[in-house]
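Novice: Got a structure for you, questions after.
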Amino acid sequence: MSELLEKARSYEAKKIAATDKESKPLFHISAPAGWINDPNGFSVYNGKIHLFYQYYPYLREWGPMHWGHSTTSDMIKWEQLPCVLAPDEEYDKKGCFSGSAIEADGKHVLVYTGVTRIKLPDGSEQERQNQCIAFGDGLNYVKHENNPVVTGDMLPENCSRIDFRDPKIWKEDDTYYLIVGSKDLNNVGQVVLCSSKNLTDWQFETILAANSTGKIGTMWECPDFFTLNGKRVLMFSPQGMQAAGFSNRNLFQSGYLIGEWQPGQRFIRHGEFREMDNGHDFYAPQSFATPDGRRIVIGWLDMWESPLPEQQDGWAGMLSLPRELSLSADDRLQMRPAKEVESLRGAWFPWPVSTLNNQQTTMVDNCEAMEVNLRWDCARSSAEQYGLRFGDGLRIYVDAQQQRLVLERHYPQYGLCGTRSVPLTAGADLNLRIFFDSSSVEVFVNDGEACLSSRIYPQAPRRELALFAWSGSAALTEAGAWQLE
Ligand code: FRU
């Protein structure tokens, strides 16, 4: 083991023991020490589920990336394992960036981006991002002697060698495929496809997909590619998209294209790019297939360049709940909490309320870890605004005039104020499953139709949950909350 990895492991062990758990999420993965961002290497190995993440153990800020590591058998109870990758080689000395994992011949194979710097002929330095692999046993990983195994030199001339990262690996028939986020020299975001028969010798196949319409960003990060209902889903996180109306409001987006693909060909896309989650904080999602055939995704529950108030408490960064993906009849990606999430449920508290009339009513005095279930009968609701308020800083409500479900957060002390919203179908029932953890909320709308995920920073002791309806009345056909344990 390198000195750098040993140092990171012993630092992290000490830090975990000393970290104040009070402000940490109760049922989500969060930084064991220091900083985390993207989920990486979501995979099954030796019958266990493994999840890694971008990690800088030493500071609550982004730094030279390591890979942190957790395992689980149910995606709910996670065991913290020692971190596995440190930037300890010349070819990854600036960081072990995002990547993925696969089980092959009894080994657990990690594929990641090694970031380094090279000297140009004029003496100046420039960054290079290349793809590297490491083989392991679920605990310790050895970087391959011929790393990097996929370099920018293998790409067509007009592809960036600087922005070439986040490999996602999968196997189809007897071939391993790798897609890598990229852009061309005109700042057009794209995804590059490579293939290999043995995991160590790779060849460039094609530009799988690109921002050919000019609307989908300048650099595509963290691509993922899988099949749902016989259709191919290309999920990725484009940088540089323009906000348009209610869409693309965050600095960066994460979303998908649906289409067709055959080995040896480019991806044929059907329809537009769509965001996966309309909240303030959901980025760089990665998926894997469970042994029972479900496609589960986890995202980073934060956004680049957004304030992270938890830094005051000594940590930064958390991941979303595991979510099951499916495709609707009209080819929309749907996300529901993975069924394992129900195992968190403790006592059920029905809320004795069926109509609200120009009023606000407190339902819970101190909401820490809860799943709130609400079914609004919109056809029988006349109020202009009705919904749920949490403490002083969060409202999740129907704006009847705009026909939208709005998530509004208001934490001016942190500079985190603003709304995100999704359209509603007029007159239809509105069903919400809302998960509260100590500093996050995830709202699942109409059983997969939409999702809004945001970080929230309620000021203790203002953690009460109230229902409200203003300028009219609102009808509920179901209301209550599960205590989560
Ligand atoms: C996405 C990302 C990736 C990169 C990683 C670095 O959030 O920017 O493209 O590999 O984070 O930590």
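Novice: Within segment 1-22, take every residue that is open to solvent by 70 Å² or more (accessible area, probe 1.4 Å) and basic (Lys, Arg) and give me the one that is nearest to ALA86 (Cα to Cα).
Specialist: Step by step, filter segment 1-22, then rank; the result is LYS7.
Novice: Pairs under 8 Å by beta carbon, first residue open to solvent by 30 Å² or more (accessible area, probe 1.4 Å) and of a type outside the set (Lys, Arg) in segment 56-80, partner part of a loop (DSSP other than H, G, I, E, B) and within 15 Å of the ligand (Cβ to nearest atom), six or more apart or different chains?
Specialist: So the pair list comes out as TYR56/TRP62; TYR56/GLY63; TYR56/PRO64; TYR56/MET65; PRO64/PRO87; PRO64/LYS93; PRO64/LYS94.
Novice: Residues that are within 15 Å of the ligand (Cβ to nearest atom), in contact (Cβ under 8 Å) with a residue 60 or more places away in the chain and within 18 Å of the chain's Cα centre (by Cα): which strands (runs of 3 or more DSSP E) entirely in segment 233-340 hold 1 or more of them? Quick ask: steps written out before the conclusion?
Specialist: Working: elements: 255-260, 268-275, 283-289, 295-300, 323-327, 333-337.
The strands (runs of 3 or more DSSP E) meeting that bar are 283-289, 295-300.
Novice: Ok, one more. Which residue pairs have Cβ atoms closer than 8 Å, lie 6 or more positions apart in sequence or on different chains, and pair a first residue in segment 399-417 that is within 14 Å of GLY387 (Cβ to Cβ) with a second residue that is modelled with pLDDT of 95 or more and of a type in the set (Phe, Trp, Tyr)?
Specialist: Filtered contacts from segment 399-417: ALA400/TYR386; ARG404/PHE246; LEU405/TYR397; VAL406/TYR397; GLU408/TYR397.
Novice: Looking at segment 321-340, can you tell me whether even one residue there is open to solvent by less than 10 Å² (accessible area, probe 1.4 Å) and on the phi > 0 side of the Ramachandran plot?
Specialist: Going residue by residue through segment 321-340, those that are open to solvent by less than 10 Å² (accessible area, probe 1.4 Å) are 321-323, 325, 335, 338.
Imposing the further condition that a residue be on the phi > 0 side of the Ramachandran plot reduces the set to none.
No, the conditions are met nowhere in segment 321-340.
Novice: Tally up the residues in segment 90-117 that are over 20 Å from LEU51 (Cβ atoms) and more than 12 Å from the ligand (Cβ to nearest atom), please.
Specialist: We begin by selecting, within segment 90-117, every residue over 20 Å from LEU51 (Cβ atoms); these are 90-94, 105-106, 114-117.
Now restrict to residues that are more than 12 Å from the ligand (Cβ to nearest atom): 90-91, 93, 105-106, 116-117.
Final tally of qualifying residues: 7.
Novice: Here's something else I'd like to know. If you take the residues in segment 207-226 that are open to solvent by less than 20 Å² (accessible area, probe 1.4 Å) and of a type in the set (Gly, Ala, Ser), which one is nearest to VAL188 (Cα to Cα)?
Specialist: GLY217
Novice: Going by the structure shown, is GLY34 away from the ligand (no atom under 12 Å from the Cβ) and either among the β-branched types (Val, Ile, Thr) or over 21 Å from the mean Cα position of the chain (by Cα) (or both)?
Specialist: No: the conditions fail for GLY34.
Novice: Name the residues in segment 146-166 that are over 19 Å from SER100 (Cα atoms) and either open to solvent by 40 Å² or more (accessible area, probe 1.4 Å) or touching a helix residue (DSSP H, G or I) at 6+ places or on another chain (Cβ under 9 Å) (or both), would you? Can you show your working first?
Specialist: Step one: list which residues in segment 146-166 are over 19 Å from SER100 (Cα atoms), which gives 153-162.
Listed by number, the residues that qualify are ASP153, MET154, PRO156, GLU157, ASN158, CYS159, SER160, ARG161, ILE162.
Novice: With the structure loaded, tell me whether GLU260 is in contact with a Lys or Arg (Cβ under 7 Å, 6 or more places away or on another chain), of a type outside the set (Gly, Ala, Ser) and open to solvent by 50 Å² or more (accessible area, probe 1.4 Å) or whether it fails that test.
Specialist: On the way: in contact with a Lys or Arg (Cβ under 7 Å, 6 or more places away or on another chain): yes; of a type outside the set (Gly, Ala, Ser): yes; open to solvent by 50 Å² or more (accessible area, probe 1.4 Å): yes.
Here the answer is yes, as GLU260 does meet what is asked.
Novice: To continue, here is another question. Hey, does segment 208-226 have a residue that's polar (S, T, N, Q) and part of a strand (DSSP E or B)? Explain how you work it out, then say what you get.
Specialist: If we filter segment 208-226 for residues that are polar (S, T, N, Q), which is where we start, we get 211-213, 218.
Among the residues that remain, those that are also part of a strand (DSSP E or B) are: none.
Checking segment 208-226: not a single residue is polar (S, T, N, Q) and part of a strand (DSSP E or B).
The values are calculated or read from the model by the stated rules, or taken from the named source; none is laboratory data. If you're wondering where the values come from, they're calculated on a predicted model, not measured in any experiment. Virtual Cβ from ideal backbone geometry, glycine too; neighbours counted across all protein chains shown. These accessible areas exclude ligands, DNA and RNA; they are computed on the full protein's heavy atoms, side chains included. Shrake-Rupley method; radii C 1.70, N 1.55, O 1.52, S 1.80 Å.
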